[in-house]
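**Q** Dumping the structure here so I can ask a few things about it.
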Amino acid sequence: METLQGLPSLNLNCCQKISDNGIEAITSASPKLKNFSIYWNVRVTDLSMKHLVKNCKEIIDLNLSGCKNITDQSLHLIDDNYQELEVLNLTSLTDQAYRKMEILPHLKFLDLCGTQSYSCNQIFL
């Protein structure tokens, strides 16, 4: 996977066979990722987000919407590790987690579609 070392963007949307182990392998081989999208994957969990924040420090655009097994724990990881984040699509998390999240200073777009009381809100900052 040496050819992935400089990869800046990866779209794994709807790739249902990708698991936490796959995310670990991909992110460890792609440390320069800036854009990561894995929309609508029901197999990835918070463990995938641990791999992402450990291996890819430069993420500025992150799409995890529709990932049903991502919990509030991942939101806290994102908040703690991606202060340069500009675009965030995270759904199916609790409203309480969004309220606890510190403001990411560089965030320009936040998609809250699927949260319990913010139903389909998109915020341009």
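The values are calculated or read from the model by the stated rules, or taken from the named source; none is laboratory data. The shown structure was predicted, so the numbers you read here are calculated from the model rather than taken from an experiment. Each accessible area value is taken on the protein alone, full model and side chains, heavy atoms only, with ligands, DNA and RNA left out. Shrake-Rupley method; radii C 1.70, N 1.55, O 1.52, S 1.80 Å.
**Q** Heavy atoms only, 1.4 Å probe, whole protein assembly: order Val87, Val44 by accessible area, highest first.
**A** Val87, Val44
**Q** In whole Hz, what ³J(HN,Hα) sequence does the stretch 47-58 give by Karplus (6.51, -1.76, 1.60; θ = phi - 60°), x for Gly and Pro?
**A** 4, 4, 5, 4, 5, 4, 5, 6, 9, 10, 8, 10
**Q** For Ser48, Ser19, give me the order by solvent-accessible area with a 1.4 Å probe, most accessible first, ignoring ligands, DNA and RNA.
**A** Descending order: Ser19, Ser48.
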